[in-house]
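Asks: Mind having a look at this structure? Questions to follow.
The values are calculated or read from the model by the stated rules, or taken from the named source; none is laboratory data. For clarity, every value in this text was computed on a predicted model and none was experimentally measured. So basically every Cβ, Gly included, is an ideal-geometry build from the backbone, and we count neighbours across all protein chains shown. Quick note on the areas: whole protein, heavy atoms, side chains included, nothing else; ligands and nucleic acids left out. Shrake-Rupley method; radii C 1.70, N 1.55, O 1.52, S 1.80 Å.
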Amino acid sequence: MAVFTKEKLQLPVGGALLPAGARWSALAWQLGALAAGAVLGAGQVYGGAAPFGLAWVAACPPVYLWAAGVGALAGSLVFQPLGLALKLAGALAAAVAGRWLGGGRPRTALLAGGGTLVGVQALDVLLAGGILDPAQCAAVLSTVLLAAALGWGFVHFPAREPRGACLWLAVGVACLQRFAAGPLAPGLAVAAAAGLCAALAGTLAQAAVLSIAVAAALTAASPSLCYAALAVALGSLAAACLFPGERWRCTGVFAAGCTAGALAAPDAAGVLPLAVGGGLGVCAALALPADWLRAVFPPPAPPVQAQGMTSAARRLASVADTLSDIADTVNAVCARQMPPKGETFDFVVEHTARAVCQSCTRRNRCWVRGYATAMDGLYQLKPKLEAAGRVEVEDLPGQLSVCIHPSDLCTAANHGYALWRSRRQTRARAATLRAALTEQYSALAGALAQLSARLGQAGLPDARRAEKAAQLFAGLGLDALECSATQDLAGRLTVAVTLDRTKFSDEELAALTEELSRLCRRDLALPEVTHCRTVTMLSFGERPLFEAEFGAASRPARGQSVSGDALEQFCDPGGRAQVLLCDGMGTGRPAAVDGQMAAKLTGQLLRAGFAAESAARLVNVALGLKNAGQESGATLDLLTVDLYSGRAGLFKAGAAPSFLVRGGVPHRLESPSLPMGVVDSLVGRSSTFALDAGDWVALVSDGALADGSDWLMQQLQLCAQLGHTPQQAADAVAEAAARRAGEKQDDITVAVLRLAKRPNGPHAAA
């Protein structure tokens, strides 16, 4: 892929420095500059102004200065009136000399040439005895002003851009009219060909702008052909409106439009130039290959479906409300349900009575006359069953001493108790799963509601920048499947491009970013690249105001090879710095499993766009199901910093205190809460604060605070005063914490973030 640079290509003139093929190429370019100067020097507009040659000398690449000057001088002397030609000759000579001596700056050439032309006109007036010729003065002043305007346009609108191509085409139409001969009007032929090409391959807007520009240039150069300019513009617009892109129908409508415009001709003879010029233009347009037309008129960027984004936001909000209602309904129904049969010890009593007493001959004696005694005796078995899980004959209480089947009674009671315990475990497991399900519904509902709010505030589409991005990729041979540019409510620009699956190197991404930043007039960061099956998606965002510097240090507990703490530090695609610290309860491998699982899941959810609380709730469900009632879990310490504004959020779930260092003075940040995976519903604590360049935030695990927090604050203050980097500060705090803990050393992890002001980029917004 090509690497973009802002410098113009300059070819040395010395043939000895170039190989043979390059010498011929350089000579051809010099001859082209000479011919362009001759054509532009000959051009003239209504009122006698001839600004084109002077503008070309001022704006051409420096390597072609002498060829352009000689061509413009020759064209002026041959085609302009003698008096104006001599004045233009002096102005052109001054412009060439001024630009050559002034380092090639166009402004110097315009000042020298324009000043010389005005001075020569003033001298002419003095020599004529102070008698003013209004026509000559108006022509000279118009030439100077138009030359300055066209020179500025040539410099700022290169021919490779649509605006520059339109400007050069209009200038060419005006200048070619000086070479008209009889019914042949070259400028009219070029205008007709350009209008039909725009109708065949361009959009309606492109055809309209191009038709108006060439019609105005043709009218300015040849006022007598204003009816022809009107006819060409009418034919181009009609063809672009009725049959855009259809080759023969478009040509037919163009011819019909030109015929209708011919009705404005002053006489029958005036139709002949329109017929000749229009016919030549149609033939030239039809002779051009379709590939050439697509190169000149690349396909526009697909329109941004703002209405679709709003609809998607509404649908996400509806889904979030539905999931929340489902969770509430499931909880309400389960709370109102009566405990199902078999959930109390009555199940064991009934099972035993059915299995032993229902066929016993003494059933009436035990369950009619001695009902209270039998029930009391069976309930006396509950403590023994809960303690040992079974009862023997010798464990039967006195109330059951009259039973004539003691062995069968014990067997039935043991079997009934086993069934009852199984039912209780099943119900407890179902309750756990129900709680996890409803908690997931609630967490997902909250996350979808947040995503819906973001989509609803996605900002306004920027069609102009989207079209520029699409043209950039089309020029590289990578037609964009989708291309959009949007500005959010804060004015930040995001450009998203979807292409056929393509692999980019780091150098190519850097070059793309630089060129797109120049086109959009914004300082864009390197894109986020996502490969999905057959497509590649590039997302360019503006560089944030701040940048985050990270530091981290970790020490495992004494006697352990693996730390139970897990740490992640990264910047997500939304321009936020994330510091995530999870401390698994306990030490060693079991704690490491919980900590790593919590950190990995939370990091993935944060990268996907979930907010801290929603991500923590989902991870809490996962840890709760994994632990299944065991005494384990993990703390969560999450710092989120918006690098565009410096706004920071700290979310804690059972985590140790954190520390903010501002102006070299540390401050303690803490929010008491429970770890994840301990209770069904996570109860975390959030706090927000503002950060500025130079501020530090330190997150630590509880192992670093075994000896309190006062010494740690002093250590952070010392590191700030010594100018330590975040990594040096993290290493110093972790090493000091390990020394202070001694034999009681637990897992120690220290993470430090420092906010720094990002240097201004080369493409700051205009």
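Asks: Being under 19 Å from residue 477 (Cα atoms) and in a loop (DSSP other than H, G, I, E, B) is the filter here, so list the residues in segment 493-526 that pass it.
Replies: Listed by number, the residues that qualify are 501, 502, 503, 504, 505.
Asks: If a residue has to be among the basic types (Lys, Arg) and over 12 Å from residue 468 (Cβ atoms) to count, how many in segment 512-544 make the cut?
Replies: Counting residues in segment 512-544 that are among the basic types (Lys, Arg) and over 12 Å from residue 468 (Cβ atoms) gives 2.
Asks: Find all pairs meeting these conditions: Cβ atoms under 7 angstrom apart; at least six residues apart or on different chains; first residue within segment 532-561 and open to solvent by 70 Å² or more (accessible area, probe 1.4 Å) and outside any strand (DSSP E or B); second residue of a type in the set (Lys, Arg) and modelled with pLDDT of 85 or more.
Replies: Here the result reads 534/501, each pair linking segment 532-561 to a residue that is of a type in the set (Lys, Arg) and modelled with pLDDT of 85 or more.
Asks: Restrict the check to segment 454-461 and report whether at least one residue is crowded, with 17+ Cβ neighbours inside 10 Å, closer than 26 Å to residue 640 by Cα and of a type in the set (Lys, Arg).
Replies: no
Asks: Pairs under 6 Å by beta carbon, first residue under 14 Å from residue 462 (Cβ atoms) in segment 490-501, partner in a loop (DSSP other than H, G, I, E, B) and open to solvent by less than 70 Å² (accessible area, probe 1.4 Å), six or more apart or different chains?
Replies: 493/522; 497/480
Asks: Return yes or no: is residue 402 aliphatic (A, V, I, L, M), farther than 30 Å from residue 615 by Cα, in a loop (DSSP other than H, G, I, E, B) and at pLDDT below 80?
Replies: On the way: aliphatic (A, V, I, L, M): yes; farther than 30 Å from residue 615 by Cα: yes; in a loop (DSSP other than H, G, I, E, B): yes; at pLDDT below 80: yes.
Spelling it out, residue 402 is indeed aliphatic (A, V, I, L, M), farther than 30 Å from residue 615 by Cα, in a loop (DSSP other than H, G, I, E, B) and at pLDDT below 80.
Asks: Under 7 Å by Cβ, and 6 or more places apart or on different chains, what pairs join a residue from segment 260-287 that is of a type in the set (Gly, Ala, Ser) with one that is in a loop (DSSP other than H, G, I, E, B) and crowded, with 20+ Cβ neighbours inside 10 Å?
Replies: 277/185
Asks: Of 479, 583, which residue is among the charged types (D, E, K, R), open to solvent by 60 Å² or more (accessible area, probe 1.4 Å), at pLDDT below 90 and not in a helix (DSSP H, G or I)?
Replies: Numbers: 583 fails: open to solvent by 60 Å² or more (accessible area, probe 1.4 Å).
Just one listed residue meets the conditions, 479.
Asks: Inside segment 140-170, can you point out the residues that are open to solvent by 10 Å² or more (accessible area, probe 1.4 Å), among the aliphatic types (A, V, I, L, M) and assigned to a helix (DSSP H, G or I)?
Replies: Taking segment 140-170 first, the residues open to solvent by 10 Å² or more (accessible area, probe 1.4 Å) are 141-142, 144-146, 148-150, 152, 154-163, 165-170.
Narrowing further to those that are among the aliphatic types (A, V, I, L, M): 141, 144-146, 148-150, 155, 159, 165, 167, 169-170.
Answer for segment 140-170, where residues must be open to solvent by 10 Å² or more (accessible area, probe 1.4 Å), among the aliphatic types (A, V, I, L, M) and assigned to a helix (DSSP H, G or I): 141, 144, 145, 146, 148, 149, 150, 155, 165, 167, 169, 170.
Asks: What is the one condition in (1) part of a helix (DSSP H, G or I); (2) open to solvent by 40 Å² or more (accessible area, probe 1.4 Å) that residue 233 does not satisfy?
Replies: Tallying (1) part of a helix (DSSP H, G or I); (2) open to solvent by 40 Å² or more (accessible area, probe 1.4 Å), residue 233 fails exactly one: (2).
Asks: Inside segment 14-129, counting only helices (runs of 4 or more DSSP H) that do not spill past its ends, which hold 3 or more residues that are open to solvent by 20 Å² or more (accessible area, probe 1.4 Å)?
Replies: On the way: elements: 20-42, 52-59, 65-79, 82-101, 106-127.
Qualifying helices (runs of 4 or more DSSP H): 20-42, 65-79, 82-101, 106-127.
Asks: Name the residue, out of 211, 224, that is of a type in the set (Ser, Thr, Tyr) and either open to solvent by 50 Å² or more (accessible area, probe 1.4 Å) or touching a residue at least 60 places away in the same chain (Cβ under 8 Å) (or both). Talk me through it step by step, then tell me what you get.
Replies: On the way: 211 fails: either open to solvent by 50 Å² or more (accessible area, probe 1.4 Å) or touching a residue at least 60 places away in the same chain (Cβ under 8 Å) (or both).
Of the residues listed, the single one that is of a type in the set (Ser, Thr, Tyr) and either open to solvent by 50 Å² or more (accessible area, probe 1.4 Å) or touching a residue at least 60 places away in the same chain (Cβ under 8 Å) (or both) is 224.
Asks: I'm trying to understand the selection: among the residues of segment 245-257, which are at pLDDT below 85 and buried (at least 18 other Cβ atoms within 10 Å of the Cβ)?
Replies: If the condition is that a residue be at pLDDT below 85 and buried (at least 18 other Cβ atoms within 10 Å of the Cβ), then 257 is the only one that fits.
Asks: Right, next: Find the helices (runs of 4 or more DSSP H) located wholly in segment 275-390 whose residues include 1 or more that are out of contact with any strand residue (DSSP E or B) (no Cβ under 7 Å at 6 or more places or on another chain) and at pLDDT below 65, and list them.
Replies: On the way: elements: 290-296, 306-336, 346-352, 371-379, 381-388.
Filter on segment 275-390 gives 306-336.
Asks: Could I ask something else about it? Against the definition (surrounded by 23 or more Cβ atoms within 10 Å (Cβ to Cβ), at pLDDT 85 or above and over 42 Å from the mean Cα position of the chain (by Cα)), how does residue 189 come out, yes or no? Steps first, answer last, please.
Replies: Numbers: surrounded by 23 or more Cβ atoms within 10 Å (Cβ to Cβ): yes; at pLDDT 85 or above: yes; over 42 Å from the mean Cα position of the chain (by Cα): yes.
Criteria met by residue 189.
Asks: Moving on to the next point. Could we say that residue 395 is open to solvent by less than 70 Å² (accessible area, probe 1.4 Å) and in contact with a Lys or Arg (Cβ under 6 Å, 6 or more places away or on another chain) here? Step through it out loud before you land on a result.
Replies: Details: open to solvent by less than 70 Å² (accessible area, probe 1.4 Å): yes; in contact with a Lys or Arg (Cβ under 6 Å, 6 or more places away or on another chain): yes.
Criteria met by residue 395.
Asks: Against the condition more than 26 Å from residue 58 (Cα to Cα) and small (Gly, Ala, Ser), how does residue 138 come out, does it pass?
Replies: Numbers: more than 26 Å from residue 58 (Cα to Cα): no; small (Gly, Ala, Ser): yes.
For residue 138, the condition - more than 26 Å from residue 58 (Cα to Cα) and small (Gly, Ala, Ser) - is not met.
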